[in-house]
Amino acid sequence: MHTPPSGKIMRKVMDRLRIVKTWIFPATILLLLSVPRPVRAQEAELKKKWDRLIKNDRTAGRKAAYARWSGVNKRIYGHNLDQPMVPASCLKILSTGVVLRHMGASYKFTSSLLGEIKGDALTTPLYWRGNGDPSMTLDNLTALVRQLKAKGVRKIPKGVVIDDTYFDRQKPAGFQFSRGNEGFLALPTPTTVEGNAITVTLEIKDAEVAITCLPASPYHTCSSEVTVGTKEDVRFTTDTRGDVLQIKAKGTITAADPKVVNRVRSFDSSRYAHGILLQVLKENGITVDETFARGATPAKVPVIVSHSSDTLAALVRATNRHSNNFYAENLLKALGAQITGQPGTTQKGLDAVYAFLTRAGVKRNQVVLANGSGLFGNSKISARALASAMEQYATLPWLQALMIDSLPRPGRDGTLYKRFTGTAAEDVVYAKTGTLGDASCLAGYISKGNRTILFAIMQDGIGGDLKGARTLQDELVVSLAKFFKGQKP
């Protein structure tokens with residue numbers, strides 16, 4: 001039989017109800033009001049915003065856009081996801097990521113001078129052997145020569161041999177048709193120095209225009225017909241006939257901007273390396289036969305001195321932040337040599353990238369790879385495929401962290417230095433730019449703490465309208481950053 005509660009118990013119940021009504025219920029309402037709008041509503045609003053921006057964009061050509069949460073199978077937005085498009089330098093996110101995954105963050109390249117020493121001379125040629133270090137500088141090479149001299153070497157009567165056998169001599173796709181002389185077109189080689197390019201400086205001195213070319217070498221010369229004028233208009237031409245590269249500058253520079261610096265690529269990288277090493281040896285008081293030679297180092301010839309590069313993680317950072325094509329192509333050939341043995345080739349490196357994409361679930365009809373840098377527009381990849389590769393990095397947390405860190409940051413350095421400053425994206429965006437005359441791309445991450453969104457925005461057939469393409473990219477990414485922060489997109 002049910003017994004009614006006593007009056008004392010009823011009073012306690014009523015007191016508790018009054019507490020709930022007076023304090024807890026209002027506090028709960030305030031708490032609910034302070035929580036951001038539901039994520040689904042924010043996502044719906046973001047999708048509408050991106051749809052509207054893409055629909056109303058006046059830039060010519062095709063567009064693709066993809067955004068998703070990293071680490072979970074949750075897409076935020078997708079438009080034209082499976083259409084292969086020209087990624088330009090966004091391709092470096094893919095090629096450098098695969099290089100890091102296979103070779104490891106702590107890997108270092110080695111450049112060595114080899115030979116047999118007897119007294120103050122070498123009884124063999126001096127061999128310079130490298131395995132593709134793209135960061136080797138004139139200072140690094142000079143340090144090696146000084147170490148060689150410290151071991152008593154003063155004479156090299158049998159000359160210098162450039163051992164370029166670690167890579168093949170095949171040019172990456174697109175490079176074989178290029179007649180340009182710009183420094184960013186320098187070809188990948190195992191023995192490198194200063195990015196295989198010559199820095200040409202024009203400067204007004206005593207009302208005349210002086211020209212200097214560094215590094216110095218017997219295999220290239222520089223001359224100038226540049227005068228002081230009312231506007232800057234300088235052209236550099238190269239004559240590659242014969243063994244000596246002739247660089248000529250013509251045009252005008254102004255007193256208001258009295259210094260012009262340009263980089264011109266070497267056209268025979270092994271001869272270029274040979275000439276610079278000859279120059280450094282002579283500058284350090286070592287006599288040497290100057291006959292050019294290249295070939296493999298005999299197995300029994302010992303290493304005299306060596307230089308190690310910075311870590312691969314640091315080299316990938318330099319590649320992506322400054323969109324360094326030379327670094328990207330060298331790293332890809334080095335990857336090929338690491339996986340399948342010498343010689344390293346572009347195709348061997350690309351085969352490793354294709355294998356990685358297959359593991360990431362990418363269909364082969366969504367990607368065509370031609371080189372490691374994205375130059376010339378020969379490569380194509382869909383936004384879904386590029387994003388899938390970026391998501392695959394998340395299966396190795398160290399790899400995703402290094403890839404995010406390798407990308408340019410707004411207002412800091414690299415190719416995003418002047419973009420997104422003063423916007424919601426400034427402190428959370430890490431992204432790789434890609435630019436060709438007819439294509440533009442922005443791909444990367446919005447990340448803070450343990451939350452990450454990855455995105456890829458691709459446009460090709462833009463007819464040179466880079467300003468319009470970047471305006472759309474910036475609007476899309478800023479709205480995505482606002483969504484990430486719980487703000488109205």
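Observations, loosely collected:
- Flag if GLY152 is out of contact with any Phe, Trp or Tyr (no Cβ under 7 Å at 6 or more places or on another chain) and in a loop (DSSP other than H, G, I, E, B): yes
- Residue list for the range 288-317, filter: out of contact with any Leu (no Cβ under 9 Å at 6 or more places or on another chain), closer than 20 Å to ASP139 by Cβ and outside any helix (DSSP H, G or I): SER308, ASP310, THR311
- Residue match in the range 242-249 (condition: free of Cβ contacts under 8 Å to residues at least 12 places away in the same chain and of a type outside the set (Ser, Thr, Tyr)): yes
Residue by residue, here is whether (1) under 30 Å from the mean Cα position of the chain (by Cα); (2) more than 29 Å from ALA293 (Cβ to Cβ); (3) modelled with pLDDT of 95 or more holds:
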| position | (1), (2), (3) |
| --- | --- |
| PHE167 | yes, no, yes |
| PHE175 | yes, no, no |
| PRO190 | yes, no, yes |
| GLY195 | yes, no, yes |
| THR230 | no, yes, no |
| THR254 | no, yes, no |
| GLY275 | yes, no, yes |
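- Number of residues in the range 217-245 that are buried (at least 18 other Cβ atoms within 10 Å of the Cβ) and hydrophobic (A, V, I, L, M, F, W, C) equals 4.
- Exactly one residue among ALA318, ALA299 is aliphatic (A, V, I, L, M) and not assigned by TED's automatic domain parsing to the domain that holds MET390, and that residue is ALA299.
- Considering residues of the range 477-489 that are in a helix (DSSP H, G or I) and in contact with a helix residue (DSSP H, G or I) (Cβ under 6 Å, 6 or more places away or on another chain) only, the residue surrounded by the fewest Cβ atoms within 10 Å (Cβ to Cβ): SER479
- Number of the exception - THR319 against (1) farther than 30 Å from PRO410 by Cα; (2) among the polar types (S, T, N, Q); (3) buried (at least 20 other Cβ atoms within 10 Å of the Cβ): (1)
- Index of the failed condition, THR311 passing every other in (1) at negative phi; (2) modelled with pLDDT under 95: (2)
- Unique residue being in contact with a Cys (Cβ under 6 Å, 6 or more places away or on another chain), assigned by TED's automatic domain parsing to the domain that holds ASN320 and of a type outside the set (Phe, Trp, Tyr) when the list is ALA439, ALA443, ALA456: ALA443
- Among the conditions (1) of a type outside the set (D, E, K, R); (2) closer than 30 Å to GLU283 by Cβ; (3) in contact with a strand residue (DSSP E or B) (Cβ under 7 Å, 6 or more places away or on another chain); (4) surrounded by 16 or more Cβ atoms within 10 Å (Cβ to Cβ), THR110 misses just one, which is (4).
- Residue that is surrounded by the fewest Cβ atoms within 10 Å (Cβ to Cβ), among those in the range 138-152 that are touching a strand residue (DSSP E or B) at 6+ places or on another chain (Cβ under 6 Å) and either among the aliphatic types (A, V, I, L, M) or within 18 Å of PRO190 (Cα to Cα) (or both): ASN140
- When the range 156-197 is limited to residues that are in a loop (DSSP other than H, G, I, E, B) and among the β-branched types (Val, Ile, Thr), the one that is farthest from GLY344 (Cα to Cα) turns out to be VAL193.
- The residue pairs whose first member lies in the range 414-432 and is of a type in the set (Ser, Thr, Tyr), whose second member is not in a loop (DSSP other than H, G, I, E, B), and whose beta carbons are closer than 6 Å, counting only pairs six or more residues apart or on different chains, are THR415/THR433; THR423/VAL478; TYR430/ILE404; TYR430/GLY444; TYR430/TYR445.
- Those helices (runs of 4 or more DSSP H) of the range 14-111 in which at least 3 residues are more than 18 Å from PHE455 (Cβ to Cβ), modelled with pLDDT of 85 or more and in contact with a Leu (Cβ under 7 Å, 6 or more places away or on another chain), considering only elements entirely within it, cover 91-103.
- Any hit, the range 233-249, residues being among the polar types (S, T, N, Q) and outside any strand (DSSP E or B): yes
The values are calculated or read from the model by the stated rules, or taken from the named source; none is laboratory data. Nothing here was measured: the structure is a model prediction, and the numbers come from that model. Cβ sites come from the backbone with ideal geometry, for glycine too, and all protein chains shown count toward neighbours.
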